[in-house]
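The values are calculated or read from the model by the stated rules, or taken from the named source; none is laboratory data. Computed from a predicted structure; not experimentally measured. Glycine gets a Cβ as well: all are built from the backbone with ideal geometry, and neighbour counts include every protein chain shown.
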Ligand SMILES: Nc1ncnc2c1ncn2[C@@H]1O[C@H](COP(=O)(O)OP(=O)(O)OP(=O)(O)O)[C@@H](O)[C@H]1O
Ligand SMILES: [Mg+2]
């Protein structure tokens, strides 16, 4: 195979659209996937300015190629939309890089565009399904809960211990299902970013102290030494209620997955750009092979035999922290304990 043919073969075999441009942003090559994505044939596209063919939502104010040109740095994972020849909007993920000649001088650009419409559609379907199930579960459950309470008060049941016991068990099961439906619904809203953050100046140390005090009675029940080494920090713009939920979920786990008389310590530190909050426990820990999955919805590591839960707590933590432009991470040693670290930017960062 000749060099030219070989190059063509590679370009047309990759499962993503690949387009090259010269230094004036005129298209110089256009593979088969690019033809499929845009609806333009290669001979129509080549020679045209790229914004005429790759009509993207980013073209006007946020052209990824401008960044490449100014910094000579490549970029990947940029999400946006392309309007194809027929006016349809196609969600895409874009990667860009500068092309240099052998002597290092700038020749043009490469843009790699992946059609992610199927992936977006599946995410939408998953979200709709989850919301629908959770929503439709809630009203019958509320009705069942109400009727159980009424039955408990009926004369025939009042004196009957067995019946009261049955009603208590049914009532507990109903309450568990209702809380699952509620958590389900809230998580699916968070996941789809439907839940707009209500941001205001928030003191992280005050929030941590509040959460610590709420958990103290439970920690004491387990004889756990719970401490918050919180020092004054600059207030940051955040959704205090949602962060309350983040800290509650992590602390709830730290206590739930620790043996009696263990220590749980919260500490904070500040860097130039971030506030870093550490939750350290001396609990059962998490095995290496489980670590990548614990932030996934409904994932419960081997702790599930020893405790109750829905596996949604950390998924909500991740979604909320991400919406704040922050990160959450974990390190753990089985048998010794875990450290969950939440990093929140001091300045608002665009998502
Ligand atoms: N501090 C911890 N120590 C040990 N294991 C942990 C810790 N935090 C989380 N895990 C593991 O990660 C899993 C996922 O945690 P997550 O908070 O999402 O769910 P859950 O606690 O099981 O249920 P939920 O929070 O919805 O009531 C847990 O089931 C547990 O196995
Ligand atoms: Mg939990």
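Brief remarks on what is shown
- So residue 241, is it under 22 Å from residue 316 (Cβ atoms) and near ligand 1 (Cβ under 9 Å from one of its atoms): no
- Every residue from the stretch 251-283 that is within 7 Å of ligand 1 (Cβ to nearest atom) and within 14 Å of residue 330 (Cα to Cα): 253, 254, 281, 283
Rundown of residues vs (1) modelled with pLDDT under 90; (2) touching a helix residue (DSSP H, G or I) at 6+ places or on another chain (Cβ under 6 Å); (3) not in a loop (DSSP other than H, G, I, E, B), yes/no style:
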| position | (1), (2), (3) |
| --- | --- |
| 69 | yes, no, yes |
| 86 | no, no, no |
| 90 | no, yes, yes |
| 93 | no, no, yes |
| 97 | no, no, yes |
| 109 | no, yes, yes |
| 120 | yes, no, yes |
| 131 | yes, yes, yes |
| 136 | yes, no, yes |
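- Elements of type strands (runs of 3 or more DSSP E) in the stretch 237-341, at least 2 residues being away from ligand 2 (no atom under 11 Å from the Cβ) and surrounded by fewer than 15 Cβ atoms within 10 Å (Cβ to Cβ): 263-270, 327-333
- Residues of the stretch 46-62 that are within 16 Å of residue 75 (Cβ to Cβ) and under 32 Å from the mean Cα position of the chain (by Cα): 54, 56, 57, 58, 59, 61, 62.
- Residues located in the stretch 299-331, provided they are near ligand 1 (Cβ under 7 Å from one of its atoms) and modelled with pLDDT of 85 or more: 299, 300, 311, 312, 313, 314, 315
- Filtered by the rule that a residue be touching a strand residue (DSSP E or B) at 6+ places or on another chain (Cβ under 8 Å) and either at pLDDT 95 or above or farther than 19 Å from residue 93 by Cβ (or both), the stretch 42-62 gives 42, 45, 46, 47, 48, 49.
- Pairs with Cβ under 7 Å, 6+ apart, first in the stretch 155-181 and farther than 20 Å from residue 135 by Cα, second loosely packed, with under 13 Cβ neighbours inside 10 Å: none
- Of the criteria (1) surrounded by 15 or more Cβ atoms within 10 Å (Cβ to Cβ); (2) within 20 Å of residue 310 (Cβ to Cβ), which one residue 148 fails: (2)
- Conditions (1) touching a helix residue (DSSP H, G or I) at 6+ places or on another chain (Cβ under 8 Å); (2) surrounded by 12 or more Cβ atoms within 10 Å (Cβ to Cβ); (3) modelled with pLDDT under 90: number failed by residue 160: (1)
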